1. Leaving ligands and nucleic acids out of the surface, order T104, T161 by accessible area at 1.4 Å, largest first.
2. Can you tell me, using C-alpha contacts under 8 Å and at least 6 residues apart, the relative contact order of the range 136-199 as a whole percent?
3. Given the pairs K192/K241; K154/K225; K108/K209; K38/K154, which span a C-alpha to C-alpha distance of over 26 angstrom in this model?
4. As a test question: what accessible area, to the nearest 10 Å², does F39 have when a 1.4 Å probe is rolled over all protein chains in place?
5. If R0 is 25 Å, what FRET efficiency do you get for S167 and M46 from their C-beta distance, rounded to 0.05?
6. First compute the accessible area of the chain with a 1.4 Å probe, then give the percent of it belonging to carbon and sulfur atoms.
7. Would you list S25, S113 from the most to the least accessible area, probe 1.4 Å?
8. Set Lys and Arg Cβ to +1 and Asp and Glu Cβ to -1, take the dipole of the chain about its Cα centre, and tell me which of L207, L231, F39 lies farthest positive.
Amino acid sequence: MSVNDTFILQSLIYKLLERVISSVSLFYSVQKVFEDIKFVTELGQMLDLNTINHKTHSINYQFVFLFIYYLPRYFTKDYYEQIITNKTAYYTIFLPVYLGLVLTESPKETMHSPQLRELCILLGRYFQIRDDFLDAFADPSVLGKEGTDIQEGKCSWVILTVFSLCSEEDREALKELYGKSDPRPVKAIYAKYDVESEFRRFEDEALRKTREILASASFPDARLKPFFDALIEKLFGMKAKS
């Protein structure tokens, strides 16, 4: 029933759109945006689900042979960026921005701007990385939920950061402990490393890049800048005002 309900909800999207969009060509354009982003998001979800072995409930820290090296297959920066770009950035930031441009029949040079897409993806990645950080370190009463990335064996920014900082002994321990029902042993290892400082450095760099793109002379439409200024302030909070 749950699977069937999702198909009904998906169909209702287009039934609702039919009520508010009278132009056939515009309706098709909007429908294509939803279908394209839905497909990208599904790919991201598939990548995300590959990081845990659901039979043994252990992380898929598998290796592939490349030239003369054995490299991690799933728990890598490149793999993680593919997850958060496809699973989060496109539907969270790019979709509403691009959909607004389609609905207002904006110029093609604006809609297809590499700078606009880069800015949306950058903000979407920041949104997910901040969520990963809060999942591991925020007080549940403040966050509004219990973090479950550790228990679910997620390839998150936090575990990758700790892997880059920790001793070989802690790395091996994390491979055994990560993805299990009790997150406390993993968090005990996290506490040994200054992950917050790493996050603040990442946050500063992400904010610098967003401002650089927005201030660029090649940014496609100056009328979008107040919107992005407000969005950046919302995402980065007080840091954006400093």
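The values are calculated or read from the model by the stated rules, or taken from the named source; none is laboratory data. Fair warning: this is a prediction, and the values are worked out from it, not measured in the lab. We place every Cβ from the backbone using ideal geometry, glycine too, and count neighbours over all the protein chains shown. Heads up: the accessible areas ignore ligands, DNA and RNA and are worked out on the full protein's heavy atoms, side chains in. Shrake-Rupley method; radii C 1.70, N 1.55, O 1.52, S 1.80 Å.
1. Working: T104 95, T161 15 Å².
In descending accessible area the options line up as T104, T161.
2. On the way: 40 pairs, mean separation 23.9, N = 64.
Once normalised by length, the contact order is 37 percent.
3. On the way: K192/K241 32 Å; K154/K225 35 Å; K108/K209 24 Å; K38/K154 21 Å.
Pairs exceeding the cut-off: K192/K241; K154/K225.
4. 120 Å²
5. Values: r = 33 Å, r/R0 = 1.32.
Step by step, r from the Cβ atoms, then E = 0.15.
6. Numbers: 8260 of 14320 Å².
Percent of accessible area from carbon and sulfur atoms in the chain: 58.
7. Values: S25 80, S113 5 Å².
Output order, biggest surface exposure first: S25, S113.
8. L231
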